Amino acid sequence: MKARDRYTQLTRGRTQFLHTAVECSRLTLPYLVQEDLSSRPEHQKLHTPWQSVGAKSVVNLAAKLMLALLPPQTSFFKFQVRDDKLGVEFPGQVKSELDLSFAKMERMVMDYISASNDRVVVHQALKHLIVSGNALIFMGKDGLKNYPLNRYVVNRDGNGNICEIVTKELISRKILGQDLPEILMPSPAVNSPGNDGYKAGSDDQDVEVYTYVRLDDNGRWVWHQEAFDKILPGSRSTAPKNTSPWLVLRFNTVDGEDYGRGRVEEFLGDIRSLEGLSQALVEGSAAAAKVVFLVSPSSTTKPKTIADAGNGAIVQGRPDDVGVVQVQKAADFRTAQEQMQALERRINEAFLVLQVRQSERTTAEEVRLTQMELEQQLGGLFSLLTVEFLIPYLNRTLHILQRNKELPKIPKDVVRPQIVAGVNALGRGQDEQSLVQFAQTLAQTMGPEIMAKFLDPGEYVKRLAAAQGIDVLNLVKTPETMAQEREQQMQQMQQQEMLKQAGQFA
């Protein structure tokens, strides 16, 4: 089947999700998701929301997800040797030496990611995930590319695994550089003699290019590009199953559905209500702010006299003859304002917008606990993004680096990369809080002397560093180093004592 025909077939199952995504984008970030247009819009005017709470919430949540999934200072993964293979495969190796080698490889991978535009495209894809619930990332040779929901369709099996992907792009004929047939455009002079109603398109005319991706019988991903139902030369390519460059992301999954649901859709009722109240309040406030003077038709005061009078001018007339139009809807406006504040508070909590309690006794610990409580709401989302984004993204990046011989081959049955970002970072934050609270409770209830007697300082330092994601290698002193320092200190004390005794004898 041709890629265009398959794309048309699969769009039937995408229609409902695309309409919902367009409405969610219209109330938050109107430029993100639009309808599936057959041609590039020349002058399309986007809807301007009456409130900015939705846009602020989406941008804030996307930034927090970006920092949690791809932290800028540390690595989001760690190479670890399986415990059952450590003594078998590496009998002469020390675990610290392996950790040093793995840390160097991790820095090489992170340097490669930092030098690319991956973070920019991932941040854009996260905004699409929050608004529409779906995003498609292609990891090409020139970097990442993000496809919005109106430019691709997918087909999944019963377990939610991807079977087919078809993308649609508008590319200029000059960029393609292929011998393509002419595009017939409707001619304005249809009734002219010798004109059949169509004219040839220009060289700048966009061409619909379809990319068809599928999983073949051998378990490999194969794809090619088509234009005018013909395969473009040099567009065929393949990839192993576990290192596919096509990453189909979802925000929330529903069993039996090929597409995901976004965060905005979950709170679409509140955002829609806030949009309506904001419009009514803004228009009502504008009407209430309009100043109109009324002059009695039977009065001797002329309207022109009132209009021409300057500030502080003295004119003849009676105050009863002049009045001002008043809306007198202050109570109704107050009710709408209170409802808007309640809706805005619920939306901010749902999108992790931290709102500090306005009080004289608000402490830093209260702010920290509030922020941690908000971040723990996304534990399930972190798990889904770890499976559908971080693991395939890391596998593809390692595959590219090893293929380019920038990274040595890693035996998969011995060394396994472990994701330490996302939900694992939340788990480390809980471990850190529990460790600190345990030490504080122990010191307050039993005293510092009893705590020092029962608590191992070295093990406590190691666990606290692991909870904060800090590598303790060559940072924290080992027991052997501390023993050598104690011996040296004792020797110095003995030498000083001997010198002191020698001076007394003299």
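The values are calculated or read from the model by the stated rules, or taken from the named source; none is laboratory data. Given the structure is predicted, the values throughout are model-derived calculations rather than measurements. When we count neighbours, we look across all protein chains shown, and the Cβ atoms used for this are built from the backbone with ideal geometry, even at glycine. With ligands, DNA and RNA removed, areas are computed over all heavy atoms of the protein, side chains included. Shrake-Rupley method; radii C 1.70, N 1.55, O 1.52, S 1.80 Å.
Structure notes:
- Distance violations [Cα-Cα > 23 Å] among Lys453/Lys477; Lys127/Lys168; Lys64/Lys462; Lys78/Lys141; Lys168/Lys230; Lys453/Lys500: Lys64/Lys462; Lys78/Lys141; Lys453/Lys500
- Segments 112-118, 17-23 sorted - mean Cβ within 10 Å per residue, highest first: 17-23, 112-118
- Sequence-distant contacts, meaning Cα pairs under 8 Å at least 6 residues apart, place the relative contact order of the range 198-314 at 11 percent.
- For the range 66-72, the Karplus equation 6.51 cos²θ - 1.76 cosθ + 1.60, evaluated at θ = phi - 60°, returns couplings of 4, 5, 7, 7, 10, x, x Hz by residue, with Gly and Pro reported as x.
- Whole-number percent relative contact order across the range 99-157, with pairs defined as alpha carbons under 8 Å at least 6 apart: 25 percent
- Taking every C-alpha pair closer than 8 Å and separated by at least 6 residues, the mean separation divided by the residue count of the range 257-351 gives a relative contact order of 41 percent.
- Across the range 5-11, coupling constants 3J(HN,Hα) worked out from phi with the 6.51/-1.76/1.60 Karplus curve, θ = phi - 60°, read 5, 5, 4, 5, 5, 6, 5 Hz, and Gly and Pro carry x.
- A Cβ-based charge dipole, computed about the Cα centre of the range 244-350 with Lys and Arg at +1 and Asp and Glu at -1, lands at about 580 debye.
- Heavy-atom accessible surface of Lys500, to the nearest 10 Å², is about 120 Å², with a 1.4 Å probe and all protein chains retained.
- Using the average count of surrounding beta-carbon atoms within 10 Å as a protection proxy, the listed peptides 232-244, 291-303 rank, highest first, as 232-244, 291-303.
- Descending Cα extents along the principal axes, the range 296-348, whole Å: 56, 23, 14
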